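Peer 1: Please read through the structure below; I'll follow up with questions.
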Amino acid sequence: MRPAGEIRRALALACKELATADKGCTLRELAEAARVGIDACRRAVDNMHRAGVLAKVGERRVSYRNRPVALYALMQHSSAANGADNAIGLAQALQVWR
């Protein structure tokens, strides 16, 4: 897998700084904090959401749009638990495959 690009790293850092446990941040807030263009931010946030890096945590009404906008926050992953689950799943698959 490729390493994260500059835009993705900047957005992840901005989301980490802006989003709190009880509220997320909008796409426009992320773009402004990461100092990237809104189109690049929109594409990267969509990819990050699909990859499971970001999660939609709610909606908020804003003055510049008629509909509520999505709020995003970083997903909390436990890498030790994920690694153990993958190893167990692989071992089970190898046992069945024999």
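Peer 1: Just the residues that are open to solvent by less than 80 Å² (accessible area, probe 1.4 Å), more than 12 Å from residue 73 (Cα to Cα) and in a helix (DSSP H, G or I), please, taken from region 30-55. Don't jump to the end; show me each part of the working.
Peer 2: Pass one, region 30-55, residues open to solvent by less than 80 Å² (accessible area, probe 1.4 Å): 30-31, 33-34, 36-38, 40-41, 44-45, 47-49, 51-55.
Filter once more, keeping what is more than 12 Å from residue 73 (Cα to Cα): 31, 33-34, 36-38, 40-41, 44, 47, 51.
Listed by number, the residues that qualify are 31, 33, 34, 38, 40, 41, 44, 47, 51.
Peer 1: Specify the residue that is modelled with the highest pLDDT; the eligible residues are those in region 6-29 that are closer than 17 Å to residue 52 by Cβ and assigned to a loop (DSSP other than H, G, I, E, B).
Peer 2: 24
Peer 1: Looking only at residues that are loosely packed, with under 15 Cβ neighbours inside 10 Å and among the basic types (Lys, Arg) in region 2-20, which one is nearest to residue 45 (Cα to Cα)?
Peer 2: 9
The values are calculated or read from the model by the stated rules, or taken from the named source; none is laboratory data. The shown structure was predicted, so the numbers you read here are calculated from the model rather than taken from an experiment. Here the Cβ is made from the backbone with ideal geometry for all residues, glycine too, and neighbour counts use every protein chain on show. Please note that ligands, DNA and RNA were not included when accessible areas were found on the heavy atoms of the full protein model with its side chains. Shrake-Rupley method; radii C 1.70, N 1.55, O 1.52, S 1.80 Å.
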